[in-house]
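A.B. asks: Take a look at this one; I'll ask things after.
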Amino acid sequence: MVAEMAQIIDGKVISTQIKDELKEKVSKMKAEGTEVTLAVIQVGADPASSVYVGNKKKACEYVGIRSLAYELPEETTEKELLDLIAELNGRKDVNGILVQLPLPSHIDEDKVIQSIDPKKDVDGFHPQSVGALCIGQPGFVSCTPAGIIQLLKRSGIEIAGKECVVIGRSNIVGKPMALLLLRENGTVTVAHSRTKDLKEVTKRADILVVAVGKPKMITREYVKEGAVVIDVGIHRMENKKLCGDVDYEDVAPICSAITPVPGGVGPMTIAMLMNNCVESVDLQA
């Protein structure tokens with residue numbers, strides 16, 4: 001029996017759909033006199049962070065969200081950063097506040113995340129946002145996991161009743177991903193670096209979400225035939241090419257659907273950030 005070709009889940013196309021829907025919403029809001037504003041704070045000039053911040057500004061422009069950029073020098077003190085956040089928390093004309101991570105080592109990231117008003121926490125990192133997700137109350141959801149749910153839904157992939165395995169337990173992807181799949185009625189297993197017989201665990205998955213941070217770690221030995229594979233990793237190889245945590249060439253022939261790297265999960269993160277900015281207006285009202 002020849003396997004069907006895997007469906008390639010195109011994050012560029014789906015993220016553009018979402019941004020176009022938001023664009024329409026935002027222009028209606030503008031017509032009713034409501035402007036959406038995102039404040040983006042970057043401390044220091046980490047090149048990767050600068051690229052991400054640039055992409056976020058572009059997305060804001062596309063959707064029609066006003067963006068305020070605060071590019072602070074590397075030597076900015078923790079107090080200066082916290083004072084700026086306090087000021088933005090208090091501003092009625094600012095809906096979302098985003099602090100680009102990582103921060104320089106002399107600044108306590110947790111303290112900074114916790115200082116953002118949960119109603120403006122469009123990244124979904126505040127403990128209150130995470131707690132709300134955990135008990136099913138309204139709040140912001142971390143952008144990458146939220147984007148993965150959209151990828152699955154908009155690709156016609158049923159989550160309810162499926163065996164879902166998430167590899168990775170980070171606060172930004174693994175844990176919220178597991179909670180969201182659970183909310184969609186998936187049966188969820190979280191695997192990680194200490195999991196015994198990882199291949200046996202992952203081979204049960206109808207939906208496998210990989211966020212391990214190791215290039216091409218997941219080969220076909222880890223994947224059940226016909227599974228849906230979502231690759232959250234992104235790595236630059238020696239030859240300057242990008243790859244994910246999944247060995248795409250090896251795994252694609254046996255799965256029913258797979259996200260490529262680049263062009264899979266990546267574009268969704270920013271689309272969901274835009275979605276959170278637009279939702280922040282209702283949450284604040």
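A.B. asks: Give just the number: which of (1) assigned to a helix (DSSP H, G or I); (2) under 24 Å from ILE14 (Cα atoms) does VAL166 not satisfy?
C.D. replies: (1)
A.B. asks: Restricting the search to region 118-150, which residues are touching a Gly at 6+ places or on another chain (Cβ under 6 Å), in a loop (DSSP other than H, G, I, E, B) and closer than 18 Å to THR37 by Cα?
C.D. replies: VAL122, PHE140 - these are the residues of region 118-150 that are touching a Gly at 6+ places or on another chain (Cβ under 6 Å), in a loop (DSSP other than H, G, I, E, B) and closer than 18 Å to THR37 by Cα.
A.B. asks: Looking at region 195-204, can you tell me whether even one residue there is over 30 Å from GLY136 (Cβ atoms), outside any helix (DSSP H, G or I) and in contact with a helix residue (DSSP H, G or I) (Cβ under 7 Å, 6 or more places away or on another chain)?
C.D. replies: Scanning region 195-204 turns up at least one residue that is over 30 Å from GLY136 (Cβ atoms), outside any helix (DSSP H, G or I) and in contact with a helix residue (DSSP H, G or I) (Cβ under 7 Å, 6 or more places away or on another chain).
A.B. asks: Let me ask something else. Is region 193-210 home to any residue that is of a type outside the set (A, V, I, L, M, F, W, C), modelled with pLDDT under 95 and over 26 Å from GLU158 (Cβ atoms)?
C.D. replies: The initial filter retains those residues of region 193-210 that are of a type outside the set (A, V, I, L, M, F, W, C), namely 193-197, 199-200, 202-204, 206.
If we keep only those that are modelled with pLDDT under 95 as well, we get 193.
After this cut, where a residue has to be over 26 Å from GLU158 (Cβ atoms) as well, the list is 193.
Within region 193-210 (the criterion being of a type outside the set (A, V, I, L, M, F, W, C), modelled with pLDDT under 95 and over 26 Å from GLU158 (Cβ atoms)), the answer is yes, since at least one residue qualifies.
A.B. asks: Please verify whether VAL210 is assigned by TED's automatic domain parsing to the domain that holds VAL261, crowded, with 19+ Cβ neighbours inside 10 Å and touching a residue at least 40 places away in the same chain (Cβ under 8 Å), treating the condition exactly as stated. First the steps, then the outcome.
C.D. replies: Numbers: assigned by TED's automatic domain parsing to the domain that holds VAL261: yes; crowded, with 19+ Cβ neighbours inside 10 Å: yes; touching a residue at least 40 places away in the same chain (Cβ under 8 Å): yes.
The answer is yes for VAL210.
A.B. asks: Now, a different point. Step by step: first the residues of region 134-189, then only those that are among the small types (Gly, Ala, Ser) and surrounded by fewer than 19 Cβ atoms within 10 Å (Cβ to Cβ), then the one that is farthest from LEU101 (Cα to Cα). Which residue is that? Spell out how you get there, then give the answer.
C.D. replies: Going through region 134-189, the residues among the small types (Gly, Ala, Ser) turn out to be 136, 139, 142, 146-147, 155-156, 160-161, 168, 170, 174, 178, 186.
With the extra rule that they be surrounded by fewer than 19 Cβ atoms within 10 Å (Cβ to Cβ), the set shrinks to 136, 155-156, 160-161, 170.
Working: GLY136: 26, SER155: 30, GLY156: 33, ALA160: 33, GLY161: 35, SER170: 14 Å.
Top of the filtered list is GLY161.
A.B. asks: Now for a different question. Please identify the pairs in which a residue from region 246-258 that is on the phi < 0 side of the Ramachandran plot has its Cβ atom under 8 Å from the Cβ atom of a residue that is part of a helix (DSSP H, G or I) and of a type outside the set (Ser, Thr, Tyr), counting only partners at least 6 apart or on another chain.
C.D. replies: ASP247/ARG220; ASP250/ARG220; VAL251/ARG220; PRO253/ARG220; ILE254/ARG220; ILE258/VAL251; ILE258/ALA252
The values are calculated or read from the model by the stated rules, or taken from the named source; none is laboratory data. Quick caveat, the model's predicted, so the values are computed rather than measured. In this analysis, Cβ positions are derived from the backbone assuming ideal geometry, glycine residues included, and neighbour counts consider all displayed protein chains.
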